[in-house]
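First up is the structure itself, then whatever we jot down about it.
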Amino acid sequence: MLERLANKHIVLGVTGSIAAYKAADIVRRLREAGSEVRVVMTRAATEFVTPMTFQALSGNPVHLHLLDAQAEAAMGHISLARWADAILVAPASADFLARLRQGRADDLLSAVCLAGDVPLAVAPAMNQRMWSDRATQENIQGLKSRGILLFGPEDGSQACGETGVGRLQEPLQILTQLAEVFSSGALDGLRVLLTAGPTREPIDPVRYISNHSSGKMGYAIAQAAAEAGARVTLISGPVALSPPPSVLTLPVVTALQMFECVVQQLKHTDIFIATAAVADYRVTEVAPQKIKKTSAPLTLQLSLNPDILGQVKQQAPHIYCVGFAAETEQVVPRARIKLQQKGVEMIAANQVGGENNLGGFSSDNNSLTLCTPESEVTLALAPKAKIARELITHVARSYPLWRQTRKASAQILRFGKPPL
Ligand code: C5P
């Protein structure tokens, strides 16, 4: 379950409460689950635990001030809010909840919460009287009505010596609920097959032809699909990434191996997403020994590799197919041509290369334009994990309609048009 937290960017807000020491355990567990964590502390929180503790545990500088010229240039409130996949405030004091309810932005944590458009969860911790007070309860109702998630608080003995509701939930319980945030269920029961990364086409035993694909986009999509409830198989070229949790990852090297592996999986597939940067050509005759350097020019003969995506669409038209178009210019028009030529349901177009390479190969960020025969949606530059979730949301939305339309036209072909 906590594997859903892998590769997530979590902003952890820590406010002034005796339970602030438990936030250290939350950071530790988040890191163990594979999240990247940035801690934002309120001034009061620093009275309970030092920023140094969180810096050491998170491996990142701790964010303390709203108006800090240096911090704003590096990662200020807007960039922190944009960076986050989720914001968790644990412990959340009564005062912080009141400020959040009011939509204040006069300290860093409340400003980040206001600027974020990602899931926001609060785990309150306070004296039981303060929790049951009408003011706090009204604030909680207000926050819930804005879609803010509430984790706890728990009933039990308190640091002040009283007993009642107001204890911070245990870190594991908090993280289990946070992990739920990343499970959409949008692809429940569906089987998704992906290709990712580059392929390597050998020239001789020591050399090969390849490209700059890092596999990051494909791996992020595989994880997003698994989080959406799909059973995911990822066929990956050589990359330096760990296989995403809950995904069956099958490593291959060459385009031909990738093709064979894909074909074997087709009968278990509902949706095929081809993110791999497959080499278009392979060396026709791979030299059995290392080719020796001579003063004469060397000519390599290349043969065309199979177009995996195009072949899948031809062999299995019942599979919903998504392709990628990495282009250095004329990105969307070329994606539209690919959409038609390959007869697929969606092409995700992205700009690669050039001096202003803001996304694409190797980068942690990307922006995509999703082209379908009927529509065109641009996903603005964001971390690949976020872009991947947005892409999966679009696929999950259009898949059922596409399937229905396909079934209806198949029936018309078999039985003719029904009378009006
Ligand atoms: O224009 P191109 O054929 O390279 O289109 C790119 C799309 O096709 C990508 O989705 C890529 O994964 C897929 N592709 C493929 N097999 C190839 C070449 C491209 O599946 N041999």
| note | If we keep only residues of the range 309-329 that are near the ligand (Cβ under 8 Å from one of its atoms) and in a strand (DSSP E or B), then the residue farthest from Ile347 (Cα to Cα) is Ala326
| Which numbered condition Thr163 fails, given (1) without any contact (Cβ under 8 Å) to a residue 40 or more places away in the chain; (2) surrounded by 19 or more Cβ atoms within 10 Å (Cβ to Cβ) | (2)
| Is there a residue in the range 41-60 that is outside any loop (DSSP other than H, G, I, E, B), open to solvent by 30 Å² or more (accessible area, probe 1.4 Å) and either at pLDDT below 95 or at positive phi (or both)? | no
| Can you tell me which residue in the range 270-308 is nearest to the ligand (Cβ to nearest atom), limited to those that are out of contact with any Pro (no Cβ under 9 Å at 6 or more places or on another chain) and assigned to a strand (DSSP E or B)? | Ala274
| Taking the range 172-206, which residues are in a loop (DSSP other than H, G, I, E, B) and among the polar types (S, T, N, Q)? | Ser183, Ser184, Thr199
| task | List every residue pair whose Cβ atoms sit under 7 Å apart, with the two residues 6 or more apart in sequence or on different chains, where the first one lies in the range 239-267 and is within 12 Å of the ligand (Cβ to nearest atom) and the second, anywhere, is among the small types (Gly, Ala, Ser) and part of a loop (DSSP other than H, G, I, E, B). | result | Ala255/Ala279; Met258/Gly237; Met258/Ala276
| request: May I ask you to list the residues in the range 130-141 that are farther than 24 Å from Thr176 by Cα and surrounded by 15 or more Cβ atoms within 10 Å (Cβ to Cβ)? | output: Met130, Thr136, Asn139
| task | Could you tell me which of the residues Leu88, Leu109 is among the aliphatic types (A, V, I, L, M) and assigned to a strand (DSSP E or B)? | result | Leu88
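Let's see how each residue does on (1) open to solvent by 10 Å² or more (accessible area, probe 1.4 Å); (2) in a helix (DSSP H, G or I):
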position	(1), (2)
Tyr208	yes, no
Asn211	yes, no
Gly218	no, yes
Gln223	yes, yes
Thr233	yes, no
Pro243	yes, no
Thr249	yes, no
Gln264	yes, yes
| Residues in the range 353-366: is at least one modelled with pLDDT of 90 or more, under 23 Å from the mean Cα position of the chain (by Cα) and crowded, with 18+ Cβ neighbours inside 10 Å? | no
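The values are calculated or read from the model by the stated rules, or taken from the named source; none is laboratory data. All values derive from a computational prediction rather than experimental measurement. Positions of Cβ are generated from backbone atoms using ideal geometry, with glycine treated the same way; all protein chains shown enter the neighbour counts. What goes into the accessible areas is simple: the full protein's heavy atoms, side chains included, and nothing from ligands, DNA or RNA. Shrake-Rupley method; radii C 1.70, N 1.55, O 1.52, S 1.80 Å.
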